[in-house]
Structure formats: C-alpha cells, structure tokens
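Below: one structure, written as structure tokens.
The values are calculated or read from the model by the stated rules, or taken from the named source; none is laboratory data. Everything quoted here is computed from the prediction, not taken from an experiment. As a convention, Cβ positions derive from the backbone with ideal geometry for all residues, glycine included, and neighbour counts pool all protein chains shown.
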Amino acid sequence: MASHVTPPKTAGTYARRGLVVVYLFLLVAWPVGLVVQKTFDGGLENLQAAFSDPDVVFALQLTVYVAVWAVVINTVFGVGISLLLVRQEFPGKNLLSAFIDLPLSVSPVVVGLALLLAYGGSNGVFGPALEDAGLQIAYATPGIILATAFVSLPLVIREIVPVLQEVGAEQEQAARSLGAGSWQTFRRITLPSIKWALLYGVVLSLARALGEFGAVKIISGNVVGQTQTATLIVEQKYQDFEQGAAYATSFLLALIAVAALVVVTFLRPEESPDGD
Amino acid sequence: MTTEILAPPTPTPTGRRGRGRARTNTLTRQSGLGLGLALTWFSLLVLIPLALIVIQAADGGWATFRDTLTDDQTFDALRLTVEQSLLVTVVNVVMGTLIAWVLVRDRFWGKRLLEVIIDIPFALPTIVAGLVLLSLYGPRSPIGIDVSNTERAVFLALLFVTLPFVVRTVQPVLLELDPEVEQAAASLGASQLTTVRRIILPALAPAITAGAALSFARGISEYGSLVLLSGNLPHTSEVASVRILTYIENGNEAAAASVAVLLLLVALAAILALQLVNRWVARRG
C-alpha cells in the first residue's frame, strides 16, 4: 500500500524487533506451546481418555450445538441489521449503531446476571410466564444459546458494515431498476460483495461462541451431562485434578478456534473484499 | 480484527441525500418490518436484560448500593480491578504501539507468524487462556516463576487477553502513514526523537486512545482467564466480576446488580470514548 522505501536498519531496528519477539514469545507462544506439549505428554492418551469420558463428549456436543445456533441467529440478525444501518435512514439510527457494540464490552458475568434477571425461572421477569408455557430458558439449553448469541452479537455486523459502505448502493439500485426483487438483489448483488467479510464474521463468531465461559456458567447452572459446556468442563476437570482431561479439552477448543482464524486469514483476499 | 470493530458508526455515503443532516426516513414497509423484528430481538436479548440490572440496582435503593460498594471485600475487588486494568492499559499502550510499529515498518522472516500469535488471545476461550498461562507461570512452572493466587496473576491474565487491542487499532493507521513525511522532517534537521514526538505520535494518538479504551474496558470486565490463575482470594486477587458471581451464587441479586451497574457504566464510557475518537478522526481525515 504505502510506498516501501526500505529504511536503513539501525541498532534500534534490531532492538525493537528483539523486544517484540521476546515479549510475544513469553506472553503467548511459550505458554500455548506448553499446553500443546502437556496434551501430548503421554502420546495420544490424554485425548483418548477425554474422548471416552461421556461427560466430556456430551459437553463438546452441547457446545457445538449451541455455537451453531448462536452463529446462525447472529448471521441472520447481523446481515439484516447491517443492511438497515447502511442502506436506510431512520430516526435513532446512530443510537442503535452505538448500542450494537455494547455486548463486546459488557463483562460476561454481567451478561449472565442480566439474562438471569430476565429469564430466570423463579424470579426473572419473563421466566415464570415462559416456564408456564413450557419453555425453560435459564438452566437449560435455550439460555446457553441466548448467552452465547449475546456475547458474539456484534462480530458479524462489524465485519459487514464497512464493506457495505464501501461498495455503495449503486449496483443494487441498478438491479432494482432493471426489475430485480429484493431477494434477488440481495442474493445476486449484495451477497457476493460481502461474502468474505461475512465469512470472516461468521468464523469470529464461531470462535467466540465455542469459547464463551462466564455468561454460560451463570445462565446454564453448570449441571454435568445436562448443561455443562466444554469450557465449563475444562474448569471442573482442572479443579478435580484431572488435568489430562482439562488439557485435552482445552487443546481441542484452542485448535478449532485458532485453525478457523488462520484458515480465514489466509483465505481472505488482501484487503480488497470486493475483488475489483 | 478490531479494526472493523472500530469502524465509524455509519454516516452513509448513499448518495445525494447526505448533506444537511436530513434525518429522513427511507424505510419501506418491508424494511420497516425487518427493522421491527430486529429491534424486538435486540431488545429481548440485550436491552431489556441490561436495563433490568439497572432497575434491580435501583430497586435495592441507595442504601444497598452504598453498603455493597463500601463492603471491604467488594471495595478491594473493585480497586484491584481498576488498578490492574490501568496498569495493563499503560503496558499495552507502550508495547502495543511498539509491536504495531515493528509489524508495519520492519521486515523479517517469521513476521506472518507474529501476526497469528497476536490474534491468539482473541481466539482462545478465556478459560483456556487461564490454563495456558498457568502452564508457564503457575505452581509447576518450568522457569520457576509462580504468580498464581497473587495480584500479579490478575495483571498477567489481563495482559494476555488485552494484547491485540492496541496493536490492531494502531496498525492500520501506521500503514497509511507516509514515511516520506518523516523523511522530510529528518532532512529538515529534525532529530529522531523530534520526528517521533511531532510527526508520528500525533498521527497515532487517536488510534492509541481507542485501543487503550478497549483494553481498559476488557480488563475491567474480565472473568474467565482469571478463574484458574488468580485463585480469587478475597482482598488479594479477587476481581469485580468474581464478586458479582459470588453475590449471584448467594442469591443476593441486588448487590450483584450494584457492582454490575458500575461495570456497565465503564463499558458504556468506553463505547462513548470510541465513538468520540471515531468522529474526531472522521472530521479531520
């Protein structure tokens, strides 16, 4: 992008480079490497043991189920609200746009508390009525999905909005003036132009959804084999001195998250999401 | 990835309407319906539950609020949280800017790997982040450094989870910065220090501020990475979010809401700061 005149390399260049490398190695690379090493300490034993523990298997299945639901909800909501925010004018738009970011900076514990106050079975505001209607949210899977959707809500939106702004509305208007319906316009014009940003947002949401801990801990009740997700079982196994299982489950979660991130970073075309 | 999180909040270039802040309504019936649905979902999921925290805290009255916050253990937890978050933010401002600088201006083998390493704290589940740090800085540390169950554990955990914020906000701005301006300054006799102080830092200041705000807000609200590492000892290594959890577990929702309201205010302040910085940048640039 910027014209790269290779600057002369001074002692300062090497000092800065060295400092950054050492800092990142001590803070991130070495500790992460150690967890991987501990996972494979006895060969594949830890992973095999974890996979034959029904509680771990259940937790992993629940986590994937919840994450997929949360991501689907956030994708539909995210695409819809991004189109509204970028392509439409309505009163209160800036306020909404500011509030959309809120879930990213709210503490997970506060999220859990908020959902409990709204959907708790005994003294939540909507909880009792919903339970009478046969829908239990707190301490059940729907609550975990809500908490997960909450914490990852803005990720898709924050990826799509800048791209939508950049491509502008002209092609969409042209399509419409040529008689395309709104669904057709979306599918043929809008979607192709935002597909990389959307994919990136989906992967970020997925990584966040698989890893949510605090909010889920509060709203799920953390019941083994019923509402215990993968991150919750990591905590429990570690505290029960079953560290092999804790490391193995952590490794799996980290592997999925990091792999997804790396794949998309390399898949994504350089900074020109439109391709032209 | 935070670059996108920092994207300015949608002053839209949708054509001729732009001038004169006309708040016209362009909703058709179809998109109006969509907006209604989206707002309903957003309210049910986010706005109403968060509002209930404020209501719950207000319900308890001023007395509960005051009693909760002046409780020794809660006060210590809040102080520890704020202190460590500030400290971490300062380190991030320095190291984050330096990392961004090296990533943009330096070229060496393995730089791409560093880029991935910086995103790892975002991608790792927080509980795993705690476990990861415990492996090098815990009781069985191979280098003999054990920070577990102390306030240093809080510092370390926050440093880990907030690593990407300043880096990822400063990096794109630095990419846009033209090295020729610096060369011009140097050729006019400015020393390296003067160039940094007069040319580079002013250009980066908004991005650094934004990154610092994000980093501080994240530090204040952190929970997962601390659970295994800090031991949650009252008065020593217990942070605000752990306090809230204890109140919830004891069924004291009013007290939990009191502390939660404070955290919520910090979150709102951080968002406000971001919006202001974004507007300011948009106006200048």
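From the list B:Ser225, B:Ser237, pick out the single residue that is more than 11 Å from chain A (Cβ to nearest Cβ), buried (at least 22 other Cβ atoms within 10 Å of the Cβ) and polar (S, T, N, Q).
B:Ser237
If you scan segment A:100-115, which residues turn out to be of a type in the set (A, V, I, L, M, F, W, C) and more than 7 Å from every other protein chain (Cβ to nearest Cβ)?
Listed by number, the residues that qualify are A:Ile100, A:Val111.
Report whether or not A:Thr229 is farther than 30 Å from A:Ser122 by Cα and touching a helix residue (DSSP H, G or I) at 6+ places or on another chain (Cβ under 7 Å). Before you say what the answer is, go through the steps one by one.
Values: farther than 30 Å from A:Ser122 by Cα: no; touching a helix residue (DSSP H, G or I) at 6+ places or on another chain (Cβ under 7 Å): yes.
No: the conditions fail for A:Thr229.
Among the numbered conditions (1) at pLDDT 85 or above; (2) buried (at least 24 other Cβ atoms within 10 Å of the Cβ), tell me where B:Leu274 comes up short.
(1)
So that you can scan it fast, the table gives a plain yes or no per residue for (1) closer than 21 Å to A:Ala114 by Cβ; (2) surrounded by 24 or more Cβ atoms within 10 Å (Cβ to Cβ); (3) among the acidic types (Asp, Glu); (4) more than 8 Å from chain B (Cβ to nearest Cβ):
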residue	(1), (2), (3), (4)
A:Gly225	no, no, no, yes
A:Gln228	no, yes, no, yes
A:Val234	no, yes, no, no
A:Thr249	no, yes, no, yes
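Yes/no per residue for (1) among the hydrophobic types (A, V, I, L, M, F, W, C); (2) crowded, with 22+ Cβ neighbours inside 10 Å:
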{"site": "A:Thr63", "(1), (2)": "no, yes"}
{"site": "A:Trp69", "(1), (2)": "yes, no"}
{"site": "A:Ile81", "(1), (2)": "yes, yes"}
{"site": "A:Ala118", "(1), (2)": "yes, yes"}
{"site": "A:Ala129", "(1), (2)": "yes, no"}
{"site": "A:Ala138", "(1), (2)": "yes, yes"}
{"site": "A:Thr148", "(1), (2)": "no, yes"}
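Anything in segment B:166-222 that is in a loop (DSSP other than H, G, I, E, B) and either within 13 Å of chain A (Cβ to nearest Cβ) or of a type in the set (S, T, N, Q) (or both)? List them, or say none.
Matches in segment B:166-222: B:Leu177, B:Asp178, B:Ser191, B:Glu222.
Rundown of residues vs (1) under 30 Å from the mean Cα position of the chain (by Cα); (2) modelled with pLDDT of 90 or more, yes/no style:
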position	(1), (2)
A:Pro7	no, no
A:Gly18	no, yes
A:Val21	yes, yes
A:Leu26	yes, yes
A:Gly43	no, no
A:Phe51	yes, no
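Which one of A:Glu172, A:Glu131 is within 11 Å of chain B (Cβ to nearest Cβ) and more than 20 Å from B:Ile127 (Cβ to Cβ)?
A:Glu172
Considering only segment B:63-85, how many residues are exposed (fewer than 14 other Cβ atoms within 10 Å of the Cβ) and more than 15 Å from B:His235 (Cα to Cα)?
2
Conditions (1) among the β-branched types (Val, Ile, Thr); (2) under 22 Å from B:Ala57 (Cα atoms), marked per residue:
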residue: B:Gly219; (1), (2): no, no
residue: B:Leu233; (1), (2): no, no
residue: B:Leu245; (1), (2): no, yes
residue: B:Asn252; (1), (2): no, yes
residue: B:Val259; (1), (2): yes, yes
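In segment B:110-163, which helices (runs of 4 or more DSSP H) lie fully inside it and hold 2 or more residues that are surrounded by 21 or more Cβ atoms within 10 Å (Cβ to Cβ) and either of a type in the set (Asp, Glu) or modelled with pLDDT under 85 (or both)? Lay out the reasoning, then the answer.
Working: elements: B:111-123, B:126-137, B:151-161.
Correct list: B:111-123.
Can we say A:Val161 is at the interface with chain B (Cβ under 7 Å from one of its Cβ atoms), part of a helix (DSSP H, G or I), buried (at least 16 other Cβ atoms within 10 Å of the Cβ) and touching a Lys or Arg at 6+ places or on another chain (Cβ under 9 Å)?
Here the answer is no, as A:Val161 does not meet what is asked.
Looking at segment B:45-59, which of its residues are more than 9 Å from chain A (Cβ to nearest Cβ) and over 13 Å from A:Val111 (Cα atoms)?
Across segment B:45-59, the qualifying residues are B:Ala57, B:Ala58, B:Asp59.
Determine if segment B:28-44 includes at least one residue that is at the interface with another protein chain (Cβ under 7 Å from one of its Cβ atoms), modelled with pLDDT under 80 and either in a helix (DSSP H, G or I) or over 20 Å from B:Val266 (Cβ atoms) (or both).
Taking every residue of segment B:28-44 in turn, at least one turns out to be at the interface with another protein chain (Cβ under 7 Å from one of its Cβ atoms), modelled with pLDDT under 80 and either in a helix (DSSP H, G or I) or over 20 Å from B:Val266 (Cβ atoms) (or both).
Would you mind stating whether A:Gly211 is touching a residue at least 12 places away in the same chain (Cβ under 8 Å), touching an Asp or Glu at 6+ places or on another chain (Cβ under 7 Å) and within 10 Å of chain B (Cβ to nearest Cβ)?
Values: touching a residue at least 12 places away in the same chain (Cβ under 8 Å): yes; touching an Asp or Glu at 6+ places or on another chain (Cβ under 7 Å): no; within 10 Å of chain B (Cβ to nearest Cβ): yes.
No.
Inspect segment B:88-109 for any residue being aliphatic (A, V, I, L, M), in contact (Cβ under 8 Å) with a residue 40 or more places away in the chain, under 30 Å from B:Ile200 (Cα atoms) and more than 10 Å from chain A (Cβ to nearest Cβ) and give the result as yes or no.
Checking segment B:88-109: at least one residue is aliphatic (A, V, I, L, M), in contact (Cβ under 8 Å) with a residue 40 or more places away in the chain, under 30 Å from B:Ile200 (Cα atoms) and more than 10 Å from chain A (Cβ to nearest Cβ).
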